[in-house]
Amino acid sequence: MKAAIYPGTFDPPTLGHLNVIQRAASKFDRLVIAVGENSDKHSPSFSLEERVQFLKTITKDIPNIEIASFQGLLVRASA
């Protein structure tokens, strides 16, 4: 199974994001869209929950999509 992750803040999700999502979903068996909370961005346009819901709505017809949220670094490397 080929899987991919597409991380970003998606604040707000755009047609460009959707285009990348559609193309990636056609190339992979599973695509995880990781919606991040950017603590450096003090006044986001939309809350994390709203952005997750927007993405769920615009990708509802793509079966191999999973929407997840995260805070902090996407990957933490240990020294």
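Residues Leu15, Leu48, Leu55 in ascending order of nearby Cβ atoms (within 10 Å, fewest first): Leu15, Leu48, Leu55.
Here each label is just a point 7 Å from Cα along the line to Cβ, and for Asp29 and Asp61 those points are 2.6 nm apart. Fewest-first ordering of Arg30, Arg51 by other beta carbons within 10 Å of each residue's beta carbon gives Arg30, Arg51.
For the chain, the relative contact order works out to 37 percent when only alpha carbon pairs closer than 8 Å and six or more residues apart are counted.
Full extension of the segment from Phe46 to Ser69, taken as 0.36 nm per residue of separation minus the current Cα-Cα distance, would add 6.9 nm. Sorting Val52, Val20 from the fewest to the most surrounding beta carbons within 10 angstrom yields Val20, Val52.
Only helical runs count toward this figure. For the chain, summing -39,500 (n - 2.57) over DSSP H runs of n ≥ 4 and dividing by all residues gives -9500 deg cm²/dmol at 222 nm. A convex hull fitted to the Cα coordinates of the chain yields 99 cubic angstrom per residue.
Bear in mind that the values in this text are calculations on the coordinates, not laboratory data. As the structure is a computational prediction, the values presented were derived from the model and not from experiment. Using ideal geometry, Cβ is built from the backbone for each residue, glycine included, and neighbour counts are taken over all protein chains shown.
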